[in-house]
Amino acid sequence: MEVPILKQGEVLIATFQAALSDADLENLRRGLLQQVVRFRSRGVIVDVTAMDVMDSFASRTLREIAHMIRLRGAETVIVGIQPEVAFAMVQLGMTLEGVATALDLEEGLAYLTEKFKSID
Amino acid sequence: MSAGEIRVAINSDQDIVLARQKGRVLAIELGFSAVDATFIATAVSELARNILAYARKGEITLRAVQGSNRKGIQIVASDHGPGIPDIHQAMRDGFSTSGSLGLGLPGVRRLMDEFSITSQPGRGTTVTVKKWRQ
């Protein structure tokens, strides 16, 4: 299952589905980095609203995506982590340290817009 | 409520997704809350992931269980892989020999109500966990 990546101005938006396998997540990691380079994007939003489970691999992959994209000079924000999923992640011991999160797509975009302003 | 058990063979990363989906469906069928169903699905995902990482193949079995005055779900993850030489070490946060982060087993124990593990080096590992309905 491929994760669609949309380009909206300087921002890329990737929307997760529920049933992502490890291979899908690895493809997304590669795809996002390629597109950030190709479009010279300044921000990435990863929308995980549909994810009903965020296990150790998914959490780690998200963190790696955010850190790789930061090294490239762009910002990542993870949006839409469901309350049950957040609860399970904490119990599991997974945190997204150093990764920006926001309630939903709209707030994620607002966060990036502010971020871009402070850099410009 | 279905009386039987659900077995999911774990041979690939797709099977991890399948196992956790089946775990969630059974949890909802048994009347677990959305939070508990997510805990159960996450635990299944981690257990299936351990099978794949350490033993390459194995099986997840899901079944309804009846306590003295409560209902619950039992998940058994079994493999015939190399086994765990030091279970105490494996149960510590941050320990891993597979190159993963190794948060699997202690995390699974926190997500569930009961946890037991048996492992014989060279023979395999069986992890049994239960969660009771609140």
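FYI, it's all coordinate maths here, none of it is from the lab. Worth saying up front: this structure is predicted, and the values here are computed from it rather than measured. Note that each Cβ is placed from the backbone with ideal geometry, even for glycine, and that neighbours are counted across all protein chains shown.
So here's what we get for this one:
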{"read-out": "Quotient of C-alpha Rg and 2.2 N^0.38 Å, computed over region A:50-95", "value": "1.20"}
{"read-out": "Once exposed loop GluC sites (Glu not before Pro) are cut out (DSSP; at most 15 other Cβ, 10 Å), longest piece of chain A", "value": "A:11-96"}
{"read-out": "Exposure proxy order (Cβ contacts within 10 Å, fewest to most) of A:Leu71, A:Leu25", "value": "A:Leu71, A:Leu25"}
{"read-out": "Rg ratio (alpha-carbon, reference 2.2 N^0.38 Å) - the protein assembly as shown", "value": "1.07"}
{"read-out": "Zone residues, region A:57-72, relative to B:Arg56, backbone N less than 11 Å from point 7 Å out along Cα-to-Cβ", "value": "none"}
{"read-out": "On Cα atoms only, tilt of B:34-50 relative to the major axis of chain B in degrees", "value": "30"}
{"read-out": "Net lengthening on full extension, B:Ala9/B:Ser116 (0.36 nm per residue, minus Cα-Cα)", "value": "36.5 nm"}
{"read-out": "Relative exposure of B:His80, B:His88, A:His67, judged by other C-beta atoms within 10 Å (fewest first)", "value": "B:His88, A:His67, B:His80"}
{"read-out": "0 to 90° range, to nearest 10: angle between helix A:83-92 axis and chain A longest Cα axis", "value": "70"}
{"read-out": "Residue order, fewest to most surrounding Cβ atoms within 10 angstrom, among A:Asp24, A:Asp104", "value": "A:Asp104, A:Asp24"}
{"read-out": "Straight-distance crosslink candidates among lysines, where the alpha carbon sits under 26 Å from B:Lys130 and sequence neighbours closer than 8 are dropped", "value": "B:Lys22, B:Lys57, B:Lys71"}
{"read-out": "Gyration tensor over alpha-carbon atoms, region B:22-99, equivalent ellipsoid semi-axes in Å", "value": "26, 13, 13"}
{"read-out": "nm² value of the averaged projected area, convex hull over the Cα atoms of region A:5-119", "value": "6.4"}
{"read-out": "MRE, 222 nm, helices only [DSSP H, n ≥ 4, -39500 (n - 2.57), over chain B, to nearest 500]", "value": "-10500 deg cm²/dmol"}
{"read-out": "Dimensionless Rg ratio for chain B, taking C-alpha atoms and the 2.2 N^0.38 Å reference", "value": "0.99"}
